[in-house]
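Working notes, structure below.
The values are calculated or read from the model by the stated rules, or taken from the named source; none is laboratory data. Bear in mind that the values here come from a model prediction, so they are computed numbers and not experimental data. Using ideal geometry, Cβ is built from the backbone for each residue, glycine included, and neighbour counts are taken over all protein chains shown. Just so you know, the surface numbers come from the protein's heavy atoms only, side chains and all, with ligands and any DNA or RNA stripped out. Shrake-Rupley method; radii C 1.70, N 1.55, O 1.52, S 1.80 Å.
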Amino acid sequence: MKTTGRRITKIVLTGGPCAGKTTGMSWIQNTFKRMGYTLIFMQEPATELKSSGITPARCSSMMAYQLFQMKLQLEKEEVYTRAAGDIARGCTEETGEQSSAASIGRQAGRKVLIVCDRGFFDNRAYMTEEEFEEALRILGVSEEEKLLSYDAVFHLETTAKNASVYYGTATNAIRDETPEQAAALDDRIIAAWEKHPYFRIIENLNGFEDKMRHLVAEIAAFLGEPAPYEARRRFLVEYPDTALLDALPDCYQEEIEQIFLHAPENEEIRIRRRACAGDCVFYITRKRIINGRRRLEAEGRLTEREYMQFAGNADSDKIPVHKTRYSLNWKNHFYEIDLYPFWKDQAILEVPLRDEEEEVMLPDFLRVIREVTGERRYEIAVLADRHKTAEQ
């Protein structure tokens, strides 16, 4: 539940088959981390059970399986909520020891966002009303109290509705449902959640990227945050004073590794590792041209083991790109400064904007060489080119 004291918010990201949930998680991570949120992602219980060998077919009945899944959901949410409270306080519950003074200062106003990959009421879409009511009785759960335990619910519409060209292509997962079945399941999931007081449906209207922007904009509006950035401008700057950056209060540093993988024609696949304060997050991004015109970009999280496995398929024509990124808020504006090991006298400054007409304010402690927005030679794919990088 959302609490003013500790600033903990719990939301659900749900949707029909092939709706873009995995990519949505990545957009949420990237957007709200920049706004100062600590993100906690709770994996879908069904994925854990099925990958462990606990499937509906092996259980005595679908009802028995759903009870296992719902019980796991309840227990995980309790653990994650307690952990979020601990993180918001900035101490370790096991030892009771406080963090360093500097760390406590940074964490004192920490905003924690729990993102549930599906929630308790998703199970309702696979049960009759009688079965669901019986499950509530067995588990000792009040429907209204459980519904209100989530602060907001965001439903991504299946691409089987109004975007069938994308259905089954957004991820590598094999889809069992036909588009018609996927659309029907999407409707049942909507019906399962529609009683929630803050329930939003993210439809397929103007393409997949617009759908993701709509998602993060809806979440930002709920959280009372400014609309997320939609445009970006890039500048070549002189190598900054890193000691000055390290001393800034609203600035954090992370190390990023990006590796391009072998990919079919008209497709780009890359993996990224982002490390900050001892924590590592791993991503995979696929960009694909559909029908020679439409571009589909899907991004998802990886485990460290999966990252290492994918790295074994690295494109030998491209070098792994390592960079140090400084993300900072300066006079209520957000900036990213990327430092590359092959540049000793320059760096890239990226300025996210809420629209293309927004005036750009540049930090006075950076010396701008020139704007490079749209210049391909400064794009990451070109910087990764083994031969061109040697010329830098």
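A few comments on the model shown:
- The chain: proportion of alpha-carbon pairs further apart than 39 angstrom, %: 22
- Helices meeting the span-like rule in the chain (full DSSP H runs, Cα extent of at least 24 Å along the helix axis, mean Kyte-Doolittle score of -1.0 or higher): 62-89.
- Contact order relative to length of the chain, as percent, for alpha carbon pairs under 8 angstrom and 6 or more apart: 18
- Remark: spin-label model distance LYS287-VAL360 equals 2.0 nm, labels positioned 7 Å along the Cα→Cβ axis.
- Here the accessible area of region 243-349 is 46 percent carbon and sulfur, with a 1.4 angstrom probe and all protein chains present.
- Within straight-line cross-link reach of LYS344, lysines at Cα separation under 20 Å, skipping those fewer than 8 residues along the same chain: LYS323, LYS388
- Between region 64-79 and region 311-347, the C-alpha centres lie 41 angstrom from each other.
- Dimensions (Å) - region 230-344, Cα atoms, principal axes, largest first: 46, 33, 26
- Value of [θ]222 nm, deg cm²/dmol, for the chain, DSSP H segments ≥ 4, -39500 (n - 2.57) each, nearest 500: -9500 deg cm²/dmol
- The simple spin-label model puts a point 7 Å past each Cα toward its Cβ; for GLU133 and TYR239 those points are separated by 7.2 nm.
- Cross-link pairs beyond the 29 Å C-alpha cut-off, checked among LYS76/LYS111; LYS76/LYS331; LYS10/LYS287: LYS76/LYS331; LYS10/LYS287
- In the structure shown, the pairs LYS33/LYS146; LYS21/LYS161; LYS50/LYS161 are assessed against 23 Å; a Cα-Cα span above that value is assigned to LYS33/LYS146; LYS50/LYS161.
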